[in-house]
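**Q** So that we are looking at the same thing, I have put the structure below in structure tokens.
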Ligand code: FES
Ligand code: FES
């Protein structure tokens, strides 16, 4: 089934079967493998991408539902030249270890700070509570997101 949407600022078209999840479409059809797939049933948050400004679990959305949407994956948060301020804060605070959860953490945090650049630590924890990390203990992740807030203020 032909589906057209915008992926990281580029118009894309896919003919994935109707049952294909957006996560599988992004990874296997469109070869943007930064989006990770963990639980495949909406629990871990590793597959989070941004659809029309909202953080969305791409394992729970069908690719056909993205018709006409603007989709941003972790690859779309920065360019090859430099890390985004959010990514740089993750590096500075050692907010990742194995990195499996990191694309979902970054996309979730980016969607949050775009809407709420003054989010306090309690709000950051609340929003990131749907993203599981087996390595870091979360403190460094919250610190990194908190520090990145200034880059999102207009
Ligand atoms: S893979 Fe989508 S929430 Fe875990
Ligand atoms: S850094 Fe390993 S799961 Fe989060």
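**Q** Against the conditions (1) in contact (Cβ under 8 Å) with a residue 40 or more places away in the chain; (2) in a loop (DSSP other than H, G, I, E, B), where does residue 117 fall short? Just the number, please.
**A** (1)
**Q** Sticking with this one: So residue 38 passes all but one of these: (1) outside any helix (DSSP H, G or I); (2) free of Cβ contacts under 8 Å to residues at least 60 places away in the same chain. Which condition number does it fail?
**A** (2)
**Q** Now a separate question. Given the options 89, 119, 111, 55, name the one that is within 24 Å of residue 135 (Cβ to Cβ), in contact with a helix residue (DSSP H, G or I) (Cβ under 9 Å, 6 or more places away or on another chain) and within 16 Å of ligand 2 (Cβ to nearest atom). Don't jump to the end; show me each part of the working.
**A** On the way: 119 fails: within 16 Å of ligand 2 (Cβ to nearest atom); 111 fails: within 16 Å of ligand 2 (Cβ to nearest atom); 55 fails: within 16 Å of ligand 2 (Cβ to nearest atom).
Result of the check over 89, 119, 111, 55: 89.
**Q** Here is a further query. Just to check your reading of the model, which residue among 3, 14, 20, 35 is within 19 Å of residue 128 (Cβ to Cβ), buried (at least 18 other Cβ atoms within 10 Å of the Cβ) and in contact with a strand residue (DSSP E or B) (Cβ under 9 Å, 6 or more places away or on another chain)? Lay out the reasoning, then the answer.
**A** Values: 3 fails: within 19 Å of residue 128 (Cβ to Cβ); 14 fails: within 19 Å of residue 128 (Cβ to Cβ); 20 fails: within 19 Å of residue 128 (Cβ to Cβ).
Selected residue: 35, the only one of 3, 14, 20, 35 that is within 19 Å of residue 128 (Cβ to Cβ), buried (at least 18 other Cβ atoms within 10 Å of the Cβ) and in contact with a strand residue (DSSP E or B) (Cβ under 9 Å, 6 or more places away or on another chain).
**Q** Could you please let me know if residue 99 is touching a strand residue (DSSP E or B) at 6+ places or on another chain (Cβ under 9 Å) and within 16 Å of ligand 2 (Cβ to nearest atom)?
**A** Numbers: touching a strand residue (DSSP E or B) at 6+ places or on another chain (Cβ under 9 Å): no; within 16 Å of ligand 2 (Cβ to nearest atom): yes.
It is false that residue 99 is touching a strand residue (DSSP E or B) at 6+ places or on another chain (Cβ under 9 Å) and within 16 Å of ligand 2 (Cβ to nearest atom).
Okay, residues lined up against (1) within 13 Å of the chain's Cα centre (by Cα); (2) part of a helix (DSSP H, G or I):
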{"residue": "96", "(1), (2)": "no, no"}
{"residue": "108", "(1), (2)": "yes, yes"}
{"residue": "130", "(1), (2)": "yes, no"}
{"residue": "134", "(1), (2)": "no, no"}
{"residue": "141", "(1), (2)": "no, yes"}
{"residue": "147", "(1), (2)": "no, yes"}
{"residue": "151", "(1), (2)": "no, yes"}
{"residue": "154", "(1), (2)": "no, no"}
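Readers should treat all values here as calculations from the given coordinates under stated rules, not as data from a laboratory. It should be emphasised that the depicted structure is a prediction, and the values quoted were computed from it without experimental measurement. Using ideal geometry, Cβ is built from the backbone for each residue, glycine included, and neighbour counts are taken over all protein chains shown.
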